[in-house]
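Structure first, then comments.
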Amino acid sequence: MSYGIGIVGTGMIARHHARAIEKAKGVRVAAVASRSEERAQQLAGELGCKGHGDLVSLLDDPEVQIVSICTPSGAHLEPALAAAEAGKHIIIEKPIEITLDRCDQIIDAAGKHGVQLGGIFQSRFFGAARAVKSAVDAGRFGEMVLADAYVKLFRPQAYYDEGGWKGTARYDGGGALMNQSIHAVDLLLWFAGPVRSVQAYTDVRGHERIEVEDTAVAALRFESGAMGVIEGSTAVFPGFLKRIEISGTGGSAILEEEDLKTWVFHDERADDDDIRSRFAAETATGGGAADPGAIGTEGHRKQFEDFANALASGQEVELDGVEARKAVALILAIYESANSGREVKVSC
């Protein structure tokens, strides 16, 4: 079965979703919707699907079984609630929303109406990331000591000036952390587990006319006892690939975007050389380091396929709303710490 997906939104990420869906098995782009009839019809013409000038008509479309929400981050709640009430399954581009209350409203609505809810975190679906996760689950790192994420990107002032919503608290919900670094934050939580508390600083170092941070640093204490650091910025020229470092008493791994830069364990296994070789140079794009459009579709493709497979088999999606909420919770705790100047416990 091929599930029809209706994309809500017509911006850059909507087009990215469409390209990924076109390559994915078990799904197809059935329709797009925008508050602008002109933009909806333009994108629909590009994709060869139906265009709707409002959300209601898209939700009434019998060819749409899944709704992909690609509106600004702080405008995910309303279409998600409407989609759930219409009995449509929902997949939402990161973050699923910008406050925990709004995240919880979406999660509760999906449960109430019996629809599947997924949050996009495509970095989890790359081979190198899954190799690290498997090693964590197998206990190969021993006692976790440090778990760190470094996201040093570059966005020119023009990036924030266009569109009218980027860099705003109402629609972006945050800056370098909530918008860009959230992928690394999600991976860090997936690898190292929940964070107990944070102490953080945020600032605007390289931009004007924005309401949110372009630079943040946070010290973490994980529930496991491990410690870590998150650094996120959109003011670092020329921009670098995101980097995750996992270090333990039994081994260490460093992930740079999709590339496995370090894979060393006290107790080596027969397949370690193969893993090092296979994932040494996987990144095929700029990773969004300096250009937000310079990202590949492979991770999204795999996540859309996982979503379709879950629907077909009656299983839960791998990355549901509860999982997607965790990165938002940690980032909001970082903001609270930065604003208050004190250590903050993380709300799970």
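Just so it is clear, none of the values below were taken in a lab; they were calculated from the coordinates. Just so it is clear, the model here is predicted, and its values are computed rather than measured. Every residue, glycine among them, receives a Cβ derived from its backbone with ideal geometry; neighbour counts consider all protein chains shown.
Residues M144, M1, M178, M12, ranked from the fewest to the most other C-beta atoms within 10 Å, line up as M1, M12, M144, M178. Rounded to the nearest 5, the antiparallel percentage of DSSP beta bridges internal to the chain is 60%.
Note on the chain: GNM, Cα springs under 10 Å; of Q65, Q122, Q157, the largest mean-square fluctuation is that of Q157.
Each part reduced to its alpha carbon centroid, the range 121-176 and the range 304-334 end up 15 Å apart. Screening the chain for whole DSSP H helices of 24 Å or more along their axis (Cα) with average Kyte-Doolittle hydropathy at least 0.5 returns 321-340. Just check the range 231-343 against the gyration tensor rule for me: Cα atoms, a ≥ b ≥ c as the square roots of the eigenvalues, rounded for a/c under 1.5, and otherwise prolate or oblate depending on whether a/b exceeds b/c. Rounded, since a/c falls under 1.5.
Counting only aspartates and glutamates at least 8 places from K345 when in the same chain, those with an alpha carbon closer than 20 Å to its own are D101, D104, D148, D186, E223, E231, E323, E336.
Along the chain, the longest continuous region that contains none of the trypsin sites (Lys or Arg not before Pro) in a DSSP loop with at most 16 other C-beta atoms within 10 Å is 36-169. For the chain, a Gaussian network of Cα nodes joined below 10 Å ranks C70, C103, C49 by mean-square fluctuation, and the top entry is C49.
Maximal additional length on extending the A138-S224 stretch stands at 29.4 nm, based on 0.36 nm per residue less the C-alpha distance. For V195, the residues whose modelled amide H falls within less than 5 Å of its own, excluding neighbours fewer than 5 places apart on the same chain, are E223. By the gyration tensor of its Cα atoms, with a ≥ b ≥ c the square roots of the eigenvalues, what is the shape of the range 63-176: rounded for a/c under 1.5, prolate for a/b over b/c, or oblate? Because a/c hits 1.5 or more and a/b fails to exceed b/c, the range 63-176 counts as oblate.
Overall, the anisotropy analysis places the range 3-119 in the prolate class: the square-rooted eigenvalues a ≥ b ≥ c of its C-alpha gyration tensor yield a/c not less than 1.5, with a/b exceeding b/c.
Over the chain, dividing the summed -39,500 (n - 2.57) contributions of all DSSP H runs of at least 4 residues by the number of residues returns a 222 nm mean residue ellipticity of -10500 deg cm²/dmol. Comparing A333, A310, A129 in a Gaussian network model of the chain, where Cα atoms under 10 Å apart are tied by springs, the biggest mean-square fluctuation is seen for A310.
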